[in-house]
Amino acid sequence: MPAWDSVDHLLALDPGERGIGAFFVPGGALAAARALRGARRVLIVTGFAVAGGCPETDGPPGAAVLGRALRRLGARVRYVTDLPNVRVLRAALVALGERADVLVYPEAADAARTVLARERPTHLVAIERPGRVRDGRYLNMRGVSVGAWNRPLDDLFVEAMADGPVTIGVGDGGNEIGMGRVRARLLRQGALMARIASVVSTDHLVVAGVSNWGAYGIAAQLARQAGRPLLHTPADERRMVTACVRAGAVDGVTRRRAPTVDGLSLETHGAVIELLGLIERTPAAPAGRVS
Ligand code: CA
């Protein structure tokens, strides 16, 4: 087990008491940031529709913040999602002052292969994106199928295994792309979790109390490595989440069209960002030091 660092301690906060301690990955954000260092072409996949016409607020802000950090470090960054999430993702990017370079996932059966061949990503990142279960369905945290509203973007990760880009998954529920990596632990968490646990694995997995925080945690680790700030501010967070809701997003937990993420207020997210900001300005401990 790797030592916990200060980013891990923040990401493992579980204010919704969803039990992430059972599948948390200490050192996950640091390992993901190390893998992303010097990345040339990054494709970021995000967007979770919790019901028909209901894309959620968790995911797109994380994608925008991590994407901006990687762009500032010299990567070419593109985003891909399906139709229900396009407006929300674009809104988050524009609110952060980023170019909304969003690809709409094609309708064709060989969509994943087409996108990978065209984009040739060196790195593929999924943030809060449904990952299939063993029988191929996509289930929400209540065990209800969401396959009607979420296209199989996890095909990108299944295809990538053979093709070679480095893959990174970020999630908070057990049912997202990347969770295949901790599947054995998920299967021990009761019948519901065993049913919704995704089989789609990634090279690196970041688990957090809220998926956006996982993406922010990677950005904070990138900032420590690079010696320059890369995170956003609580004011940016407010602008992004408000813009997402105006573009049609709902809170994935409460299902309300309100500027909250996973049932948590903007003040709560702002507090986590303040603390991560403190950490990103602290030089990383030398390798091997137990924090
Ligand atoms: Ca979430």
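Each reported figure results from applying straightforward, stated rules to the coordinates on display, with no laboratory input. Just so we're clear, the structure is a prediction, and the values are computed from it rather than from any experiment. Every residue, glycine as well, gets a Cβ built from its backbone with ideal geometry; the counts of neighbours run over all protein chains shown.
Observations on the model:
- When residues in region 2-29 are screened for being hydrophobic (A, V, I, L, M, F, W, C), closer than 24 Å to A223 by Cα and surrounded by fewer than 24 Cβ atoms within 10 Å (Cβ to Cβ), 6 of them pass.
- Top-ranked residue of region 267-281 - restricted to ones that are in contact with a helix residue (DSSP H, G or I) (Cβ under 7 Å, 6 or more places away or on another chain) and surrounded by fewer than 19 Cβ atoms within 10 Å (Cβ to Cβ), ranked as nearest to N140 (Cα to Cα): G270
- Residue list for region 152-180, filter: more than 23 Å from R120 (Cα to Cα), in contact (Cβ under 8 Å) with a residue 60 or more places away in the chain and not in a strand (DSSP E or B): D172, G173, G174
- Summed over region 219-270, residues that are more than 25 Å from R72 (Cβ to Cβ), touching a residue at least 24 places away in the same chain (Cβ under 8 Å) and hydrophobic (A, V, I, L, M, F, W, C) total 5.
- Checklist (1) away from the ligand (no atom under 16 Å from the Cβ); (2) of a type in the set (D, E, K, R); (3) without any contact (Cβ under 8 Å) to a residue 60 or more places away in the chain applied to R134, failing item: (3)
- Just one residue in the set V166, V144, V125 is more than 12 Å from V45 (Cβ to Cβ), more than 13 Å from the ligand (Cβ to nearest atom) and crowded, with 17+ Cβ neighbours inside 10 Å; that residue is V166.
- For region 71-86, the condition holds for at least one residue, the condition being that it is assigned to a helix (DSSP H, G or I), crowded, with 24+ Cβ neighbours inside 10 Å and either away from the ligand (no atom under 15 Å from the Cβ) or of a type outside the set (V, I, T) (or both).
- Residue under evaluation A32, criteria (1) surrounded by 24 or more Cβ atoms within 10 Å (Cβ to Cβ); (2) more than 30 Å from R142 (Cβ to Cβ); (3) of a type outside the set (D, E); (4) out of contact with any Pro (no Cβ under 9 Å at 6 or more places or on another chain), criterion not met: (2)
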